Structures are given as structure tokens and as C-alpha cells.
Amino acid sequence: MFEATLLNRRNKTTQKLFRAALGSMTGLLILPVVLIMGTLIWKGAPAISFEFLFTPPTNGMTAGGIFPALLGTVLLVLVALLASVPLGVAAAIYLSEYAPDNWFTRAINLAIINLAGVPSIVHALFGVGAFVIFFRFGTSILAASLTLAIMALPVVIVATRESLQAVPEAFREACWNMGATRWQTIRRVVLPNAVTGILTGVILEVSRTAGETAPIMFTGAAFFLPLLPQSVFDQTMAMSLHLFVVSTQVPNMPLQVPYGVALVLISMVLLMNSLSIALRMYLRGKKKW
Amino acid sequence: MVIAPRPRADSPGPQAPVKLGVEKLSIRYGHDPVLEDVSLEVREHEIFGIIGPANAGKTSFLKAVNRMDMFDRSMHVDGRIVFNGVDVHKVRNVYGLRRRIGVVFPLPVGLPLSVYDNVALAPRLGGVKKRAELDVIVERCLRRAALWDEVKDRLNSLGSMLSGGQQQRLTIARALSQQPELLMLDEFSIAVDPVTTMRIEDVLKELREEVTIILVTNLVQQARRLADRTAFFLDGRCIEVGATEDLFTGEVRDPRTRDYVDGRFG
């Protein structure tokens, strides 16, 4: 009664074949990650020490640590966030909750998508023109961070808008029906339920911003600085540029240094990513509807 | 507020003032008409039933009264809706209008706030800040909606985590917390068990002392139990408006009304 027909058998073979093919593709996907992390840890771990993390480079950067670059990256990301998050979240709230569906709104949405597609070196040149020269910030943390912020904006806007739109429309209507204004509805019902998604997007953005090299190269990141920056109008060293420098620009560099820098940089990024994943999992557990 | 004497159930009397006047109301979504040329009057302190099969335009009618056409670009409303003597389409302060009109929809929407905050939301929007004052309102409204005994020990748990029937009563409590002058219920009993339905019906009978109620229902017997006067909607038209008993005892102008009431179609 349940004997397999020829067709059954063939279906079964095909299904096994596809399962195997799709599975191995997925396997290939994680291979680069494992290889990169493996190599970095293998070759970079010997370089990591307290001294490496918390002292400035010495001997033409072939010895000493990376502290100015580490601090510089943290500063750059922080200032970039201060600029991009309020602006991006505000714009996303407007686009999601207020903007009428007309050609102007659609044009803005198109602009945001295009902004996300602009190559980072173009952002860098824009940063030089706008912030370094026009606004007279000079090559400085401020100019570099603002350039990063503009790169980050579309991502912040899209992440925020998506978490806002994940809040069911029925909640808004229920609130409006009680005589709430749009803003009252946003503040009391929409934002509290979207804030988690917004936060996740922001953290992911941090990890991306931290690794950017091109936008900061011409706008505020320096090859080598003997002193730590004193204000946002000073230049700074940064991890990503430092990695480029120690890998290609300095002769007789001990091999473990660039690997060590890369390991620290990728650890920062992975740390932020895991934080974002953990946050998302924690909050999904608390999902309210 | 002066509380008018309770009208007799069988005839509310034409002398009761008009709470909601509707003249030549037509509603369409895009090019699809859903309601055409409806004129009727709802008097103060009556329960006004609206019965009719699906797609008759009952829900759209409620939406138009509450100015919900503002949320939906495709919804177009023509004609006049006069609430408390004011044309709702000329009301500047539409938030004030909505605050005076409570709505309960068939699928309950418990906001993802605590039970307490769900009911306290409307008073808070209206500017009530004192905890003691809010406590009183919340308890009164939850009691009214026959929900207090079930939730009094977990006022801080999420409203959206209550069962369907409880959420429905929560939305009724929330509508009451607005202290509305007009309460519109749209098939509130769909998600509620029969026992709770009867309890809510009792509550509605009491509420008639304070508010005017429009009850949209697809249970004709529910309209018979509660409504002073009833309108019969069919295919976007108001076929008949009359004292509820007349509709059920056969004194109808249109044979289709009798057919629907007797359950011969729908």
C-alpha cells in the first residue's frame, strides 16, 4: 500500500540532492569567517598585551602599542553617533508617521536609498569639500565624524523606519480614536515599542562606522600623531587607517603588529555585533504583541 | 451635565434631543461606494441599533462619525454628520471630537501597555496626572466593563497579553475612560463568550443613563434586547429606521427588513 512508486523515488532523490547542495553552500559561507578569525588569532594574538592596547606606538610604529588609534576610533564613532542618531531618528519618525504619500516623500525616500549606495571614497571627497574646506573645520575629528555620520544616516533612517512600521497600525488608530494627537501617539505607543529595534540598528551602525577607512583618510585621521587629540578640532589616529599604515606604509614592520591591530579592530566590531544580537534576542523575548 | 430622565424602552419619545444627526451621508473608498444617501437621527440617551448583513456599510458609518476618514486617503465622505449640533467636518479640534466619542471595534486592540496604562491613557491624554485620580477612573471603568475582578491583581501586566474576551472588555473600559458622550460599539461580542456578552449587555443598559450608544451588531436578537430604535442597513443603504419592537413585530415599511430580522437571508 505504501510502496514507493518510481516518481516517489525520484522526488526523494531530488530532494536529497537539493538539501545537500544548499547545505554545502551555507557551509562555504562560514568558511571565510572562520579562516579570517583563525588567521588573525593565530598570527595576531602574540601581539596583544596590556601594553599593546594602552601605550602609543614607538620606533616608527614598529614597536609599542595602538592606544591613540583605539581612542581615536572610539572618539570618531561617538561624535558620528551624536550627529547621525538624532538626525536619522527624527527624519525616520517624520517619514514614517507624518509624511504624506506624495511625490516629494517618494523623492526623499529615493534620495536616502541612493545615499546608502554612494561609495565611501565619494563620501570622503564630499567631506573634504563640505566640512574641511567650506565649514573650515580643517582636517579634524569633527570633519571626519560628520563625514561618517552622513554615511551612517541612511542606515539609521532605514532601521528606525522599519522598527516604527513594525508597530501595528491598529495601535495607532486605537490611540487616535481616543483623541490623541499624532505626537501623543508616537510618544506613548509607537516609540516605546520601536525603541528596541532602533537601538539594534544603531549598534550595528557603530560596528560599520568603526571599520570605515576612506571617509576619514582625508578628513581627519592622521598617519601618526605623537600626542592625543585635545579637542574635536584636532586630528586623530584611527584603527582602520592605522591598520592600512602598518600593513603597507612602514618598512621592516614586525608581522605580528598588523595582525594584532586587525584582531583588535575586528574584535571591537564583533563585540558590538554580539551586543546587538544579544539585545535583539533579549527584547524578542519581551515582545509585547 | 444634566441627566435626562431614562426613556422608556419601548418608545424613547420624539421629544428627546438629537445627539447625532446624519443627512444624506455617502461614503466611498476610491470609486467603490459603500454607503449611499443615509439620513437618520440618534437621540440622546438612547441605544441606537444598526443591524444588517456584512458589507452593508455599518462600520464605515461609525468611522465617518469619528472622522476616521482622516486616516484613510481613499475614504471619501459626503453629506452632513452633526454631533451636538456641530458639523463634524467643520470641527477644528478633531481631537476634542474624538475624545467625546468612544469607539469599540470588533477585533480588540489591547495596546502594548499595562492594563492600568491602557485605561489610564485617555485621561492622561486629557491632562489628568494625579495618581489617585487615575486610580479611581481606572477602577471605575474596569468595573463597568465587567473586567475588574479578573485583572485587579495584575494591573501591571500587559494589556495585549490578556485573552481575546478580556481584551475586548479592556477596549470597552478604555472607551469609557474617555467619559464619552457617545459610545459606538461595532460587533463587540464577536470575540467574547456568551456569558460575558450578557454581562456587557447589562452594563450597556445601565450606561444609557449617561451616554448615547450606537450599537452595530450582526446579532439581531442583541439589537432586540438592547436597542430602543434600530436601523437596518443593506448594501450601503439605510432601508429602515424605527422603534426596535416595530421591526421585530412586523410593522415594517420594507419587506426586506422582515426577511432579515426573521433570518431568511443575510
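The values are calculated or read from the model by the stated rules, or taken from the named source; none is laboratory data. Here the structure is a predicted model, which means the values were calculated and not measured. Cβ atoms come from the backbone with ideal geometry, glycine included; neighbour counts cover every protein chain shown.
Total residues in the stretch B:156-173 satisfying the condition of being surrounded by 18 or more Cβ atoms within 10 Å (Cβ to Cβ) and in contact with a strand residue (DSSP E or B) (Cβ under 7 Å, 6 or more places away or on another chain): the figure is 4. For the stretch B:65-83, filtering for residues that are surrounded by 17 or more Cβ atoms within 10 Å (Cβ to Cβ) and more than 13 Å from every other protein chain (Cβ to nearest Cβ) leaves 5.
For A:Ile186, are the conditions met, namely being more than 14 Å from every other protein chain (Cβ to nearest Cβ) and either without any contact (Cβ under 8 Å) to a residue 12 or more places away in the chain or surrounded by 18 or more Cβ atoms within 10 Å (Cβ to Cβ) (or both)? No, not satisfied.
Counting only strands (runs of 3 or more DSSP E) that fall entirely inside the stretch B:15-64 and contain at least 1 residues that are farther than 22 Å from B:Asp246 by Cα and hydroxyl-bearing (Ser, Thr, Tyr), the qualifying elements are B:18-29. Of all residues in the stretch A:37-62, those satisfying the criterion of being of a type in the set (A, V, I, L, M, F, W, C) and either out of contact with any Pro (no Cβ under 9 Å at 6 or more places or on another chain) or within 19 Å of A:Ala222 (Cα to Cα) (or both) are A:Met37, A:Leu40, A:Ile41, A:Trp42, A:Ala45, A:Ile48, A:Phe50, A:Phe52, A:Leu53, A:Phe54, A:Met61.
Among residues of the stretch B:7-35 that are among the acidic types (Asp, Glu), those with a Cβ under 6 angstrom from a residue that is surrounded by 14 or more Cβ atoms within 10 Å (Cβ to Cβ) and at pLDDT 90 or above, sequence gap 6+ or separate chain, pair up as B:Glu23/B:Gly79; B:Glu23/B:Arg80. With respect to B:Phe61, is the statement that it is within 13 Å of B:Ile213 (Cα to Cα), buried (at least 24 other Cβ atoms within 10 Å of the Cβ) and among the hydrophobic types (A, V, I, L, M, F, W, C) true? It is false that B:Phe61 is within 13 Å of B:Ile213 (Cα to Cα), buried (at least 24 other Cβ atoms within 10 Å of the Cβ) and among the hydrophobic types (A, V, I, L, M, F, W, C).
Yes or no, residue by residue, for (1) modelled with pLDDT of 90 or more; (2) farther than 23 Å from A:Val167 by Cα:
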residue: B:Val109; (1), (2): no, no
residue: B:Gly126; (1), (2): no, yes
residue: B:Ala146; (1), (2): no, yes
residue: B:Gly165; (1), (2): no, no
residue: B:Leu176; (1), (2): yes, yes
residue: B:Asp193; (1), (2): no, yes
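When the stretch A:231-257 is filtered for residues that are free of Cβ contacts under 8 Å to residues at least 60 places away in the same chain and crowded, with 20+ Cβ neighbours inside 10 Å, only A:Leu243 remains.
Looking at the stretch B:88-100, can you tell me whether even one residue there is farther than 20 Å from A:Trp176 by Cβ, part of a helix (DSSP H, G or I), of a type outside the set (Ser, Thr, Tyr) and without any contact (Cβ under 8 Å) to a residue 60 or more places away in the chain? There is no residue in the stretch B:88-100 that is farther than 20 Å from A:Trp176 by Cβ, part of a helix (DSSP H, G or I), of a type outside the set (Ser, Thr, Tyr) and without any contact (Cβ under 8 Å) to a residue 60 or more places away in the chain.
If I filter the stretch A:164-171 for residues that are within 24 Å of A:Asn109 (Cα to Cα), at pLDDT 90 or above, surrounded by fewer than 20 Cβ atoms within 10 Å (Cβ to Cβ) and away from chain B (no Cβ under 14 Å), do I get at least one hit? Within the stretch A:164-171, one or more residues are within 24 Å of A:Asn109 (Cα to Cα), at pLDDT 90 or above, surrounded by fewer than 20 Cβ atoms within 10 Å (Cβ to Cβ) and away from chain B (no Cβ under 14 Å).
Only residues that are within 12 Å of chain A (Cβ to nearest Cβ) and either surrounded by 13 or more Cβ atoms within 10 Å (Cβ to Cβ) or within 23 Å of B:Leu215 (Cβ to Cβ) (or both) were counted across the stretch B:84-103, and they come to 10. In the set (1) under 17 Å from A:Val156 (Cβ atoms); (2) within 19 Å of the chain's Cα centre (by Cα), A:Ile108 fails one condition alone, (2). Would you check if A:Val156 is surrounded by 20 or more Cβ atoms within 10 Å (Cβ to Cβ), away from chain B (no Cβ under 12 Å) and at pLDDT 90 or above? Answer is yes for this residue.
Among all positions in the stretch A:204-226, there is at least one residue which is farther than 30 Å from A:Pro119 by Cβ, more than 14 Å from chain B (Cβ to nearest Cβ), out of contact with any helix residue (DSSP H, G or I) (no Cβ under 8 Å at 6 or more places or on another chain) and not polar (S, T, N, Q).
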